[in-house]
Amino acid sequence: MNRSFRAAAVVVAIACAIVAGCESRSTAPTSSKPIEIKQVTITGASTLAPLLSEIAKRFEKENPSIRIDVQTGGSSRGVSDTRSGLVDIGMVSRDLKSDEGDLQRFKIARDGVCLIVHKDNPVPSLSREQIVSIYTGGIRNWKDVGGVDSPITVVNKAEGRSTLEVFTGHFKIDSRKIHADVVIGDNEQGVKTVAGNPLAIGYVSIGTAEYDRESGIPIRLLPLEGIEASVKNVANGTFPMSRTLHLVTKSEPQGAVKEVVEFATSPKVHDLVRGLSFVPIE
Amino acid sequence: MFQSNKDRLLTALVIGMAAIAGSIVVIIAIFVVKESIPAMTHIGGSRFLTDESWHPADDAPRGQFNLLPILLGTVLSSMGAICVAAPLGVLSAVFCQFYAPLRVARWYRMIIELMAGVPSVVFGLWGLVVLVPIVASIHPPGQSLFTGIIILTLMILPTVVLLTDAAFSSVSHSYRQGAAALGLSRATTVLSVMIPAAWSGIVTAVLLGLVRALGETMAVVMVCGNVVRLPKGLFDPVRTLTGTIALEMGYARGDHRASLFFCGMVLLILVAVLVASIEIANRRGRHDTT
Amino acid sequence: MTRRKTWFQFLFDVSVWLSPLPIAGLFLWLIGDLILRGSGAFWPDAAEVGGNSVVIVFEQIIQFLTAAPERAGRGGGIGPILISTGLILSVCMTVALPIGLGTAIGLSEFLPVNSRFGRLVRRSLDVLSGVPSIVFGLFGNAFFCRFLGLKFSIASGGLTLACMVLPLLIRSAEEGFRAVPDSQRQAAAALGFSRWSTVFRIILPQASLGIVVGLILGTGRALAETAALIFTSGYVDRMPRSLGDSGRSLSIHIYDLSMNVPGGNENAYASALVLVASLAVINLGAHQLMTRLLKREVAYA
């Protein structure tokens, strides 16, 4: 028995050594070079979190004395945590509301929202009235809009999501009247849902949809009011259903926070913005 | 009675640790209740049952907070899953312990242990990408109570199988030898000796499976459809309490946030009731046999 | 009467023999699908084939395991995420294992069966095991991150998970202790063993099966966890420098890549494959260790 105890002790010792090793490796360079590491924390919209993570990495490479921690949650979390001072910068994936005027806002990118159907769906386009009727339960079958004789699977976003607000805002639909068959969270879940069900209709970020279509996922982007749904048309401002992605701070940014905000809104990150299929603000 | 210092230390240590372990749930409960108080005072208990629907984004006066469909979705999906997983899991454990050749049993056990480790995200992803289209081709929309039950069954099976298996192996060997000496068939041995002897362990296994199904979040969000409506059939979408918290927490403020904590509290109560009823059942069972 | 009984027995036999089929079938389907989609990231591009493709695949796997994620995880690897996951898990087990074992020993060896305290602790643990992971996440965020001031960090995540796996560990360990026949405890008492030696020389070694099962279940649950970690250990995918840093776990990485990042599928599946494979290794290791331990005990006895 003693031997197995010794074995256990060795395991614990090794574990401690590894942890200690990690610690000492991390403290060694800072102790030899006494630069003060400043920490900037960002939280908010899940749509923006991957982009900000990339921007943060590039920023850290240029400014080794500042570390940026990007967390995710949702636009409202971004607003409330910034307001309470819990984080330095909030990410908001919609236009700001009237009661959010106390926050400093910085446009970081634009994004469109479009309707998607399965690639095999023969319906070429839907009018505004048809879309409203489909989402409020008036039209329940594809044959009523020129498709196959099968029920429509209406894919909606969960309560509170920014994309839902953009969608209901554009079509002037009361979100309580929406009659959904599937409720989803993030964009890719919507794409996967529609790709797996030829009878589904949903709405997601145009950038996401375009990227996925290019990589062979069987979805089709429906034009809106005669305008093709594409990142290009969001960029030139012709696509009607779009939103601005924001960073917010509690007060006029100072010091490190100011540097981060300026970097994130500068042309230096436009390639990263395009890389995640958003439209940079020129 | 003689007690050395070492023994006294050990006693104090283990009792202290038990106290720590036991108090965690109390801290969690206090915290969840505290956060859901605004929901109870602003919205009031009855509105959670009588409101028209679930639209919690607006504050209390305008919002709608009907939890009934969500509650039903939770109960239906987890009960459905345990109804499939309990018999299947116990039979599997019987298979491992009494039927399968040693090598097959070892392999099967390994598969089950592997299954225990598959993250809910992976189950959900597989469900969404592979299972949902198949179900959708039978009966749209595909994301439904049915799909949820399949995925949940797979997720809670390892808990049921492994713990039942452990319960069987902790039954004293004399039982097996006694049954063999009486010349009982394998099925009789299992049904009338082993299962009664391991009963409390099996009940525990099923209970733990059920609570896991109640608490499962990520996979359920991906395959259940999440529509807040009373399901009319097996192929209708459902929303669960956990799914509601996961989908809406990042976006919730004020009364909405409090009502999500209220969901958490309801879940805690469900689990507590379940635990209590199982304990009563166990106690009654013990009285019957003695 | 007897004929009906045999008929029922036959039915029971058949269902026992058949029961593993749907489970193993569905599971192998899932794993097969995962391997098929996940290994795509490791195959060499068609143009590169020509050299030793086995070496190339091996190099790509190593590359994937060690490199940092790029382009929001669509490119690069999962090096920092593996380290974060490992650290979260070690914090979790370092805290949960002693408390869990201690509690299990206390409950089954020290406290009288009907003691009020024991029943209370057991009941609270049963409820704890039912607390949904998402509620653990909210609790961990408020308690460890904010109240104890650990912020979004690996430590917060590990401690939250420790609370979560504790009931599983205790349950399994207790089952193991129950497997030790009372005659051995009585024999130990008769020989004048102290409680200390009874616990460490007789009970613990024999209960190791239960403990290992608990450890496997607990590790599985901890590794698989997403909901409890996203608001505690956080989203940051850079290499952690200490336990106080925020670090993204593998399961969060998979969730984010598959649900939030367009084009993240390939790496999501590859990461899932790595996660499931490492769990397989842990399981095999645990089994090996167990058999060796058991043999040694027999030799000592």
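Scanning the range A:89-136 for residues that are over 19 Å from A:Val191 (Cβ atoms), in a loop (DSSP other than H, G, I, E, B) and in contact with a Lys or Arg (Cβ under 8 Å, 6 or more places away or on another chain) yields a count of 6. Of all residues being more than 7 Å from every other protein chain (Cβ to nearest Cβ) and in a helix (DSSP H, G or I) in the range C:221-240, which is modelled with the highest pLDDT? Just the residue, please. For the range C:221-240, the residue satisfying everything is C:Ala222.
Being part of a helix (DSSP H, G or I) and surrounded by fewer than 16 Cβ atoms within 10 Å (Cβ to Cβ) is the filter here; which residues of the range B:41-71 pass it? Once the filter is applied, which keeps residues that are part of a helix (DSSP H, G or I) and surrounded by fewer than 16 Cβ atoms within 10 Å (Cβ to Cβ), the range B:41-71 yields B:Thr41, B:Leu49, B:Thr50, B:Leu68. For the range C:241-255, taking the residues that are more than 7 Å from chain A (Cβ to nearest Cβ) and among the charged types (D, E, K, R), the one that is nearest to C:Val95 (Cα to Cα) is identified as C:Asp245. Among the residues making up the range B:116-132, those that are of a type in the set (A, V, I, L, M), touching a residue at least 40 places away in the same chain (Cβ under 8 Å) and at the interface with another protein chain (Cβ under 7 Å from one of its Cβ atoms) are B:Ala116, B:Val121, B:Leu125, B:Leu128, B:Val132. Within the range A:49-88, restricting attention to residues that are away from every other protein chain (no Cβ under 11 Å) and outside any helix (DSSP H, G or I), which residue is surrounded by the most Cβ atoms within 10 Å (Cβ to Cβ)? Once the filter is applied, the top-ranked residue is A:Asp88. Would it be correct to say that B:Arg176 is away from chain A (no Cβ under 14 Å), surrounded by fewer than 24 Cβ atoms within 10 Å (Cβ to Cβ) and touching a residue at least 60 places away in the same chain (Cβ under 8 Å)? No: the conditions fail for B:Arg176.
Mind counting the residues in the range C:194-220 that are more than 8 Å from every other protein chain (Cβ to nearest Cβ) and part of a helix (DSSP H, G or I)? Matching residues across the range C:194-220 total 12. Just one residue in the set C:Ser156, C:Ser172 is polar (S, T, N, Q), in a helix (DSSP H, G or I) and either over 18 Å from the mean Cα position of the chain (by Cα) or at pLDDT below 85 (or both); that residue is C:Ser172. Remark: C:Gly210 matches the filter, which requires a residue to be surrounded by 18 or more Cβ atoms within 10 Å (Cβ to Cβ) and modelled with pLDDT under 85. I need the full set of residues from the range B:211-256 which are aliphatic (A, V, I, L, M), more than 13 Å from chain A (Cβ to nearest Cβ) and either under 16 Å from B:Phe146 (Cα atoms) or surrounded by fewer than 24 Cβ atoms within 10 Å (Cβ to Cβ) (or both), in order please. Answer for the range B:211-256, where residues must be aliphatic (A, V, I, L, M), more than 13 Å from chain A (Cβ to nearest Cβ) and either under 16 Å from B:Phe146 (Cα atoms) or surrounded by fewer than 24 Cβ atoms within 10 Å (Cβ to Cβ) (or both): B:Ala213, B:Leu214, B:Leu230, B:Leu234. Contact map, the range B:27-43: residues that are among the basic types (Lys, Arg) paired with residues that are crowded, with 17+ Cβ neighbours inside 10 Å, Cβ distance under 9 Å, separation 6+ or inter-chain. Pairs shown: B:Lys34/B:Phe261. Please go through the range A:189-231 and give me each residue that is small (Gly, Ala, Ser) and farther than 19 Å from A:Lys157 by Cβ, ordered by number. A:Ser215, A:Gly216, A:Gly226, A:Ser230 - these are the residues of the range A:189-231 that are small (Gly, Ala, Ser) and farther than 19 Å from A:Lys157 by Cβ. Here C:Val14 meets each of (1) under 22 Å from B:Gly89 (Cα atoms); (2) at pLDDT below 70 with one exception, condition (2).
The values are calculated or read from the model by the stated rules, or taken from the named source; none is laboratory data. A quick note: this is a predicted structure, and the numbers were derived from the prediction, not measured. Virtual Cβ from ideal backbone geometry, glycine too; neighbours counted across all protein chains shown.
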